[in-house]
Amino acid sequence: MGRVATAVDRQFDMLLEIPDDARRKLYEAMRHAAIGGGKRLRPLLVMATARLFNVDDSCALRAATAVEALHVYSLIHDDLPCMDDDELRRGKPTTHVAFGEAAAVLAGDALHAIAFELLADERTHHDPFVRAEMTACLARAAGPSGMAGGQMMDLVAEKSTFDLPTVTRLQQLKTGALIAACVEIGAILGRVNSEGRTSLRGYAHDLGLAFQIADDILDVEGDEEKAGKALHKDADAGKETFLSLMGLERAKDQAQMLVDQAKSHLKAYGAEADLLRAIAEYTIARDR
């Protein structure tokens with residue numbers, strides 16, 4: 001994870017070189033949000049899946065950086081006053097606090113665009129059909145059937161009472177869709193056909209839910225300094241979560257069951273999938 005984080009930071013450093021013109025503040029805002037901090041779990045998932053199929057690391061890294069660019073865009077916009085109104089992200093002021101709302105919106109928009117520019121670039125993969133499939137996959141994860149739809153449900157949750165299936169659906173869209181896309185994109189890079197990706201989809205589905213349950217647990221039991229963001233916000237906003245609906249102990253049991261289930265989807269793979277198995281365990285063992 002540390003090596004991937006360093007590699008992704010290096011990619012962003014090259015991509016977001018600050019120009020000597022009136023766009024300077026935009027690039028500074030993008031760099032503030034994209035470089036440094038964060039677990040880089042999503043790029044790691046792309047890289048780990050791609051390695052199952054012997055994809056060249058340099059190609060996988062470009063796709064992984066595209067996914068992280070999209071993730072960072074979503075964090076910038078989620079933190080805005082019109083959304084979750086957060087002041088701290090990854091241990092530093094959120095982008096709108098540091099650079100103003102207008103620059104933050106544009107920084108998010110630009111990183112969203114950069115994500116698809118990276119996937120469409122032939123340096124990421126020489127086969128245009130692979131590039132097109134990756135682009136479509138990430139677009140679905142970002143749109144109304146993915147992160148944007150989940151964020152809308154999250155906003156509605158402040159004024160509604162959601163049951164467990166609805167909370168599960170919300171998190172599958174807001175968080176799970178991009179996690180699933182990471183695994184899918186890694187396999188697409190390896191030219192695995194859709195039918196051949198079924199077990200990996202099962203892994204990603206269970207991983208995404210385990211990750212969010214662990215997030216809900218950390219929101220209650222975690223340390224704000226380690227988390228690098230404000231905690232207890234869902235409870236303060238009156239939102240239903242996995243924890244509020246299941247209770248702490250049941251939520252922990254459910255997260256462990258999902259991790260075990262995720263790993264069971266990898267039974268067709270040998271030691272080459274050990275990193276994916278370790279990532280599954282990490283989702284519920286992490287402290288941030």
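Within segment 257-271, being part of a helix (DSSP H, G or I) and loosely packed, with under 15 Cβ neighbours inside 10 Å holds for M257, D260, S264, A271. Suppose we keep only residues that are among the hydrophobic types (A, V, I, L, M, F, W, C) and modelled with pLDDT of 95 or more within segment 272-284. Which one would you say is surrounded by the most Cβ atoms within 10 Å (Cβ to Cβ)? Here the answer is L276.
Can A148 be described as over 20 Å from Q256 (Cα atoms) and either among the hydrophobic types (A, V, I, L, M, F, W, C) or in contact with a Lys or Arg (Cβ under 7 Å, 6 or more places away or on another chain) (or both)? Reasoning before the result, please.
Working: over 20 Å from Q256 (Cα atoms): yes; either among the hydrophobic types (A, V, I, L, M, F, W, C) or in contact with a Lys or Arg (Cβ under 7 Å, 6 or more places away or on another chain) (or both): yes.
So A148 passes the test.
Cβ-Cβ contacts under 6 Å between residues 6 or more apart (or on different chains), taken from a first residue in segment 89-110 that is under 18 Å from I18 (Cβ atoms) to a second residue that is of a type in the set (F, W, Y) and modelled with pLDDT under 95, are absent. Just one of the listed residues (S199, S145, S160) is part of a helix (DSSP H, G or I) and hydroxyl-bearing (S, T, Y), and it is S199.
Take R250 and decide whether it is surrounded by 17 or more Cβ atoms within 10 Å (Cβ to Cβ), among the charged types (D, E, K, R) and either part of a helix (DSSP H, G or I) or in contact with a strand residue (DSSP E or B) (Cβ under 8 Å, 6 or more places away or on another chain) (or both). Lay out the reasoning, then the answer.
On the way: surrounded by 17 or more Cβ atoms within 10 Å (Cβ to Cβ): no; among the charged types (D, E, K, R): yes; either part of a helix (DSSP H, G or I) or in contact with a strand residue (DSSP E or B) (Cβ under 8 Å, 6 or more places away or on another chain) (or both): yes.
Criteria not met by R250.
Taking segment 45-82 as the range and being aromatic (F, W, Y) and either at pLDDT below 95 or crowded, with 24+ Cβ neighbours inside 10 Å (or both) as the test, only Y73 passes.
A single member of D287, D236 is at pLDDT below 85, closer than 24 Å to G2 by Cα and exposed (fewer than 13 other Cβ atoms within 10 Å of the Cβ), and it is D287. When R62, R123 are checked against the criterion of being assigned to a helix (DSSP H, G or I), over 14 Å from the mean Cα position of the chain (by Cα) and either in contact (Cβ under 8 Å) with a residue 12 or more places away in the chain or more than 16 Å from A177 (Cβ to Cβ) (or both), a single residue qualifies: R62.
Within segment 163-196, which residues are of a type in the set (A, V, I, L, M, F, W, C) and either touching a residue at least 40 places away in the same chain (Cβ under 8 Å) or not in a helix (DSSP H, G or I) (or both)?
Kept after step one, since they are of a type in the set (A, V, I, L, M, F, W, C), are these residues of segment 163-196: 164, 167, 170, 173, 177-183, 185, 187-189, 192.
Scanning segment 163-196 gives L164, V167, L178, I179, A181, C182, V183, I185, A187, I188, L189, V192.
Scanning segment 126-185 for residues that are of a type in the set (V, I, T), farther than 15 Å from H71 by Cα and under 19 Å from the mean Cα position of the chain (by Cα) returns V167, T168. Can you confirm whether A157 is of a type in the set (G, A, S) and at pLDDT 95 or above? No; evaluated as a whole, the condition is false for this residue. Only residues that are among the basic types (K, R) and either assigned to a loop (DSSP other than H, G, I, E, B) or buried (at least 22 other Cβ atoms within 10 Å of the Cβ) (or both) were counted across segment 1-41, and they come to 3. Within the bounds of segment 16-29, is there any residue that is touching a residue at least 40 places away in the same chain (Cβ under 8 Å) and under 30 Å from E272 (Cα atoms)? No - not one qualifying residue is present in segment 16-29. With respect to R131, determine if the residue is assigned to a helix (DSSP H, G or I) and free of Cβ contacts under 8 Å to residues at least 40 places away in the same chain. Spelling it out, R131 is indeed assigned to a helix (DSSP H, G or I) and free of Cβ contacts under 8 Å to residues at least 40 places away in the same chain.
The values are calculated or read from the model by the stated rules, or taken from the named source; none is laboratory data. In this text, all values refer to a predicted model and were calculated from it rather than measured experimentally. With ideal geometry, Cβ positions are generated from the backbone for all residues, glycine too; neighbour counts draw on all protein chains shown.
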